[in-house]
Amino acid sequence: MSAPVTAAGPAAEAYRTAARHWATGVAVVTAEHAGESFAKTVSSFCPLSLDPLLVSVAVTRHSPIVAAVRADGRFAVSVLTDRQAHVARRFATPGAGRALGGFTAVPMRTEATGAPVLEGALAWFDCRLHTVLPAGDHALLVGRVAAAATAPGRPLLYQDGGYRTLAPTPLTSTGVGA
Ligand SMILES: Cc1cc2nc3c(=O)[nH]c(=O)nc-3n(C[C@H](O)[C@H](O)[C@H](O)COP(=O)(O)O)c2cc1C
């Protein structure tokens, strides 16, 4: 019988090291409840389903944004451009993702549902809450997309603990792929 995986054991260390190799985009999940705004930098965003239109984002289970989304029934996900690393850093800072009356230093607006959407995002998804699924120490927020749009720019990426940008040369130029 193998030993159980714990957050502190060698298997968890291997998990963390392996996970650092996973390259992702960077997004900010936002919500509003009772006059307070919530924002959190995430890499766990996933476009989930076309029929119906669903997206998901995994957020630390005890994060206040989970309670806000449950209570308010809506949230938005804004995909960051490579000019928004400062926004990613800000909303990854403990305690910085919560503000009474909104975030004055980071412009936001509302779209279809009334959830805050970041100005200048590469893409955004405005969602009504579909379901919240338990996922260990995280909660998987699944949203039904009410509106989405894109703007020009290049994505902000995250890999091996650092922010990165896309290399301008697509791999197709080597003859691999379509
Ligand atoms: C690039 C990046 C991606 C992150 N992705 C997630 C994520 O998907 N889910 C999550 O719960 N936290 C994620 N975090 C961590 C949170 O952004 C961070 O712990 C949190 O916002 C800290 O504030 P709090 O402790 O006040 O909640 C990520 C951090 C960074 C820098």
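Among the residues of region 6-26, at least one is assigned to a strand (DSSP E or B) and either within 12 Å of the ligand (Cβ to nearest atom) or modelled with pLDDT under 95 (or both). Of the strands (runs of 3 or more DSSP E) lying entirely inside region 47-105, those containing at least 2 residues that are within 12 Å of the ligand (Cβ to nearest atom) span 54-60, 98-100. With the requirement that a residue be more than 21 Å from Val142 (Cβ to Cβ), in contact with a Ser or Thr (Cβ under 6 Å, 6 or more places away or on another chain) and crowded, with 18+ Cβ neighbours inside 10 Å, what does region 61-90 give you? Residue satisfying the conditions is Ala88 alone.
The values are calculated or read from the model by the stated rules, or taken from the named source; none is laboratory data. If you're wondering where the values come from, they're calculated on a predicted model, not measured in any experiment. Backbone-built Cβ (ideal geometry, glycine too); neighbour counts: all protein chains shown.
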